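These notes concern the structure reproduced below.
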């Protein structure tokens, strides 16, 4: 089942890269008591993800935070080292928390996995954005295949 507005985010663990190396983050650490925009991309360093999706959130970070967002997080079914390198290359810095869903377990728990094996990309996460308040989904903005509209930073900003 795909996660919907009004539902609680599933429990899970994601990874992020820190100055000390990879670190596990529980979903409680990410969502509890916070307003979070979690957006997901099919893959780090892929064309739309690198040219538009992540850069949009980096550019709009101040505007999103001005609307009360505590954390902007980018998730992909990639390993923590790739997500760390992608965040550095995109100048995400402290603006966007880069989260690795290495095996796709969290994407699957959200009901938002997709099979791209035919394209040689394996199992990935769909492109989406979730606006989450204290662990409860307020808006589930899920893209149609190959679209990039409702999960953009500009669209998310209009929904806050």
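Residues in region 61-103 that are surrounded by 19 or more Cβ atoms within 10 Å (Cβ to Cβ) and out of contact with any helix residue (DSSP H, G or I) (no Cβ under 9 Å at 6 or more places or on another chain): 80, 83, 84. Please work out if residue 24 is farther than 23 Å from residue 114 by Cα, in contact with a strand residue (DSSP E or B) (Cβ under 8 Å, 6 or more places away or on another chain) and surrounded by fewer than 22 Cβ atoms within 10 Å (Cβ to Cβ). Taking the combined requirement at face value, the residue satisfies it. Candidates in region 34-60 are the residues that are farther than 20 Å from residue 159 by Cα and out of contact with any helix residue (DSSP H, G or I) (no Cβ under 7 Å at 6 or more places or on another chain); of these, the one that is surrounded by the fewest Cβ atoms within 10 Å (Cβ to Cβ) is 47.
At least 2 residues being on the phi < 0 side of the Ramachandran plot and modelled with pLDDT of 90 or more is the threshold, and among the strands (runs of 3 or more DSSP E) wholly inside region 116-160 those reaching it are 128-133, 136-142.
Residue pairs whose Cβ atoms lie under 6 Å apart, sitting 6 or more positions apart in sequence or on different chains, and linking a residue in region 6-20 that is under 23 Å from residue 93 (Cβ atoms) to a partner that is part of a loop (DSSP other than H, G, I, E, B), are 14/101.
The values are calculated or read from the model by the stated rules, or taken from the named source; none is laboratory data. Keep in mind the model is a prediction, meaning the values are calculated, not measured. So basically every Cβ, Gly included, is an ideal-geometry build from the backbone, and we count neighbours across all protein chains shown.
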